[in-house]
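Enquirer: Can you read through this structure? Questions will come right after.
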Amino acid sequence: MKISEIPISQLVRLLPEALCTPSDALQASVARHGVLAAPVVCDGILCDGHRRLSAARKAGITSLMCRETT
């Protein structure tokens, strides 16, 4: 597994955005500290971290450090 910075616009979701609403606490944390736990991506598809991705988008973050699997 490797860690790579990936633009949010290139990530494909497994779950629809409507099911991935971050909690107020997560949104505040991401806005203040950024995403602390790297989402998991496989072949450009987001496998884990859908709420973190939504919170990052709302916070204006344009790319994420992601754990890439094969």
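The values are calculated or read from the model by the stated rules, or taken from the named source; none is laboratory data. As the structure is a computational prediction, the values presented were derived from the model and not from experiment. In this analysis, Cβ positions are derived from the backbone assuming ideal geometry, glycine residues included, and neighbour counts consider all displayed protein chains. All accessible areas refer to the heavy atoms of the entire protein, side chains included, with ligands and DNA or RNA removed. Shrake-Rupley method; radii C 1.70, N 1.55, O 1.52, S 1.80 Å.
Enquirer: Kindly rank 34-45, 2-13, 50-61 from highest to lowest mean number of other beta carbons found within 10 Å of each residue. It would help to have the intermediate numbers written out before the result.
Expert: Numbers: 34-45: 14.5, 2-13: 11.6, 50-61: 18.7.
Ranking the peptides 34-45, 2-13, 50-61 by packing returns 50-61, 34-45, 2-13.
Enquirer: A further question follows. Protein chains only, probe 1.4 Å: how do MET1, MET65 rank by accessible area, largest first? Don't skip to the answer; put the middle values down first.
Expert: On the way: MET1 160, MET65 100 Å².
The ordering from most to least exposed comes out as MET1, MET65.
Enquirer: Count charges around ALA59 for me, please; just the other residues with Cβ under 11 Å from its Cβ, Lys/Arg as +1, Asp/Glu as -1. It would help to have the intermediate numbers written out before the result.
Expert: Working: positive: ARG32, ARG52, ARG57, LYS58; negative: none.
Residues close to ALA59 contribute a combined charge of +4.
Enquirer: In percent, how large is the relative contact order of the chain, given Cα pairs closer than 8 Å and 6 or more residues apart? Write out the running numbers ahead of the final one.
Expert: Working: 117 pairs, mean separation 35.2, N = 70.
Computed over the chain, the figure is 50 percent.
Enquirer: If I fit a long axis through the Cα atoms of helix 24-33 and take the longest principal axis of the Cα atoms of the chain, what angle between them do I get, 0 to 90°, rounded to 10?
Expert: 70
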